[in-house]
């Protein structure tokens, strides 16, 4: 946190971490009580296995009522996507095709993932899906977005399919064009809980509340070793931050850089000259990174928690600008897409990196209209390459 804080840094950080741990226990406990449709994942898995055995033994057509009905759509036609697809993509496509978004109850891992991983954080999202038992012989399978993760394949081509149950087999569906028409509703389905918003509010010092806030998102972790994605690069991230700070200083006197993401040590090294803590300057530097000279003046806030829920809540409330530093980071993408409505987003040109996702991406299908692409020259200078039309 900035050195201008009136309390000793260690005490403040310790209090915040304790508060986060304590309140997140209450948060997860509370979320299991308040949602409108709750499943016991283990009992549900045992039940669906038993039903599947019955269906396999009985070759006659069997009609089963939904296990949990959580939507009010009029149509009885359904749509399914693969588990690792964007859940929001399924909702957008089902809306386009006038179908219900369904999770097949016979695929117990789907229900388990939703109940254990998604429901505690986004309870309203689960309410948009219907759980049904759908025997395999009752479902029509079609390919959509089959060849690449991040290109738009218009689902309207299946608009004339009249079968009751349609399964779209494809890869990830990572294009905003599948669901952008639902954006106001998506912001509601994925809004942070009151508790997450309160915790994010605690992390932002009052002394910085009147400043213009730039939020670089750091994505490293498994990206460093998976051989596919390009992790956040030290030179680009710091150079792009300084570039944006210089640009927005023309219209705003005070700038705060709030660093979000999953590598706190990386952030401390990157912005060591801005943190005002001499002990930080002795951290070893494994990134071959040199603190730039002539850097503009701005304060730096590094979140002590780095939890996805708090990053989303912070972005939604405080980020005036978001900066995606790892070009194929889907979390950086969502953090920007769900930022406050007036926020402006900048992203790194994927073709200027070694990110292998570039071969599967149409950047104009992946990055929404109005987002600005940044490039970096060989000497490390940043330039604006264009705005998504």
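The values are calculated or read from the model by the stated rules, or taken from the named source; none is laboratory data. Since we're looking at a predicted model, the values are computed, not measured. Glycine also receives a Cβ, built like all others from the backbone with ideal geometry; neighbour counts cover every protein chain displayed.
Please go through segment 331-373 and pick out each residue that is farther than 22 Å from residue 318 by Cα, touching a strand residue (DSSP E or B) at 6+ places or on another chain (Cβ under 6 Å) and touching a residue at least 40 places away in the same chain (Cβ under 8 Å).
Of everything in segment 331-373, those that are farther than 22 Å from residue 318 by Cα, touching a strand residue (DSSP E or B) at 6+ places or on another chain (Cβ under 6 Å) and touching a residue at least 40 places away in the same chain (Cβ under 8 Å) turn out to be 360, 361, 366.
Does residue 345 fit the bill of being closer than 18 Å to residue 231 by Cβ and surrounded by 15 or more Cβ atoms within 10 Å (Cβ to Cβ)?
no
Mind checking which residues of segment 352-371 are surrounded by fewer than 17 Cβ atoms within 10 Å (Cβ to Cβ) and over 21 Å from residue 145 (Cβ atoms)?
Within segment 352-371, 354, 370 qualify.
Kindly list the number of the only condition in (1) in a loop (DSSP other than H, G, I, E, B); (2) out of contact with any strand residue (DSSP E or B) (no Cβ under 8 Å at 6 or more places or on another chain) that fails for residue 95.
(1)
Identify, from the list 166, 182, 199, the residue that is modelled with pLDDT of 95 or more and over 25 Å from residue 286 (Cβ atoms).
Unique residue meeting the criteria: 182.
From 357, 291, 387, grab the single residue that is closer than 19 Å to residue 176 by Cβ and over 20 Å from the mean Cα position of the chain (by Cα).
From the options 357, 291, 387, the qualifying one is 387.
Any residue at all in segment 244-264 that's farther than 18 Å from residue 303 by Cβ, crowded, with 19+ Cβ neighbours inside 10 Å and in the same structural domain as residue 287 (by TED's automatic domain parsing)?
Yes, there is a match, as at least one residue in segment 244-264 is farther than 18 Å from residue 303 by Cβ, crowded, with 19+ Cβ neighbours inside 10 Å and in the same structural domain as residue 287 (by TED's automatic domain parsing).
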